[in-house]
1. What residue, of Leu3, Leu58, is hydrophobic (A, V, I, L, M, F, W, C) and at pLDDT 95 or above?
2. Can you tell me how many residues within region 10-30 are over 22 Å from Gly66 (Cβ atoms) and surrounded by fewer than 14 Cβ atoms within 10 Å (Cβ to Cβ)?
3. Residue check: is Thr33 surrounded by 13 or more Cβ atoms within 10 Å (Cβ to Cβ) and of a type in the set (Ser, Thr, Tyr)?
4. Take region 39-49 and flag every residue that is loosely packed, with under 15 Cβ neighbours inside 10 Å and either in contact (Cβ under 8 Å) with a residue 40 or more places away in the chain or among the hydrophobic types (A, V, I, L, M, F, W, C) (or both).
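The values are calculated or read from the model by the stated rules, or taken from the named source; none is laboratory data. Small disclaimer: the values here were computed from a predicted structure and weren't measured. Here the Cβ positions follow ideal geometry from the backbone for every residue, glycine too, while neighbour counts run over all protein chains shown.
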Amino acid sequence: MSLGDYTGMAPAMLYSLLNMKLRNDYRDLDDLTLAMNIDRQALEAYLRERGIEYHAQLRQFRMTPG
């Protein structure tokens, strides 16, 4: 599945897909965004606006409390 137009995906689906790819296919978010030609800062900003943040030490996205 391509993440090229991630803005068209439901946030929960995107969150789940990114975590699966980080767990199974990529070392970290830099590796994933480089391989998929995605602007990392734009992706993180998009998800942050939806209450989802990347935690580098865990190598995964998490829902923010609140």
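1. On the way: Leu3 fails: at pLDDT 95 or above.
Leu58 is the lone residue from the list that is hydrophobic (A, V, I, L, M, F, W, C) and at pLDDT 95 or above.
2. From region 10-30, those over 22 Å from Gly66 (Cβ atoms) are 17, 20-30; that's our starting set.
Remaining after also requiring surrounded by fewer than 14 Cβ atoms within 10 Å (Cβ to Cβ): 20, 23-25, 27-28, 30.
Result for region 10-30: 7.
3. Working: surrounded by 13 or more Cβ atoms within 10 Å (Cβ to Cβ): yes; of a type in the set (Ser, Thr, Tyr): yes.
So Thr33 fits the description; yes.
4. Residues of region 39-49 that are loosely packed, with under 15 Cβ neighbours inside 10 Å, as a first pass: 39-42, 45, 48-49.
Matches in region 39-49: Ala42, Ala45.
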